[in-house]
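The values are calculated or read from the model by the stated rules, or taken from the named source; none is laboratory data. From a predicted model like this one, the values you see are computed outputs, not experimental measurements. Methodologically, a virtual Cβ is constructed for each residue, glycine included, from the backbone with ideal geometry; neighbour enumeration extends over all protein chains shown.
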Amino acid sequence: MAIARWVLPLWKAFHNGKSHLCSALTYQACLNDINCRFITAINLINELTASISDNTFLKCLKRFARYELLAIDELGYLPVDKQGCDLFFQVISNRYEMGSVVVTTNKPFREWGEIFNGDAVLAGAIIDRLVHHGEVIKIEGDSYRVKK
């Protein structure tokens, strides 16, 4: 299984299979012996924040940089404080041109400043690194939960 350098972000408003597609991609990567990790955006930030407290931040940051595929789910669903924004940027910046990233979000790029604590400059820097070698996939359609 070959993975493009960057595949991101999968976005659509709500409930149309972004997380399922992202987790399935990660699962297939695992089956093909690709070193990967699936994590929600808020858990990624919480893990990095905890690593600051126990003095393992650099080790944690390096771990996120080593994955061949890092799948980050649910970016934009929960608010992120200034420190969390900075930590997220460091992960994306350290991975830039190093490995694949998949990001799922319910927000279009024009709203990413809101995700990152109102910091449009930081949001722009993250977007720039992600789309430079990336493929943006917009998933359209009705919520699969509403169809049930």
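Side notes on the structure shown:
Each row is one residue, and each column tells you yes or no for (1) surrounded by 17 or more Cβ atoms within 10 Å (Cβ to Cβ); (2) modelled with pLDDT under 95; (3) not hydrophobic (A, V, I, L, M, F, W, C).
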residue: Leu21; (1), (2), (3): no, yes, no
residue: Ile39; (1), (2), (3): yes, no, no
residue: Arg66; (1), (2), (3): no, no, yes
residue: Leu70; (1), (2), (3): yes, no, no
residue: Gln83; (1), (2), (3): no, no, yes
residue: Leu87; (1), (2), (3): yes, no, no
residue: Ser100; (1), (2), (3): yes, yes, yes
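- First in the stretch 111-122 and under 13 Å from Gly84 (Cα atoms) and assigned to a helix (DSSP H, G or I), second anywhere and among the aliphatic types (A, V, I, L, M) and at pLDDT 95 or above, Cβ under 6 Å, 6 or more apart: none
- Members of the stretch 103-145 found to be touching a His at 6+ places or on another chain (Cβ under 6 Å) and modelled with pLDDT of 95 or more, listed by number: none
- Each residue in the stretch 29-70 was checked for being small (Gly, Ala, Ser) and closer than 23 Å to Thr105 by Cα, and 3 of them qualify.
- Within the stretch 20-56, being of a type in the set (S, T, N, Q), assigned to a helix (DSSP H, G or I) and more than 22 Å from Cys85 (Cβ to Cβ) holds for Ser23, Thr26, Gln28.
- Within the stretch 81-98, one or more residues are under 28 Å from Ile34 (Cα atoms), touching a residue at least 24 places away in the same chain (Cβ under 8 Å), over 14 Å from the mean Cα position of the chain (by Cα) and not in a helix (DSSP H, G or I).
- Which numbered condition Asp54 misses (of (1) in contact (Cβ under 8 Å) with a residue 24 or more places away in the chain; (2) more than 21 Å from Ser19 (Cα to Cα)): (1)
- Per this entry, Tyr77 is not counted among residues that are surrounded by 13 or more Cβ atoms within 10 Å (Cβ to Cβ), within 21 Å of His133 (Cβ to Cβ) and of a type in the set (Phe, Trp, Tyr).
- Within the stretch 63-80, being touching a residue at least 40 places away in the same chain (Cβ under 8 Å) and under 16 Å from Ile127 (Cα atoms) holds for Ala71, Asp73, Glu74, Leu75.
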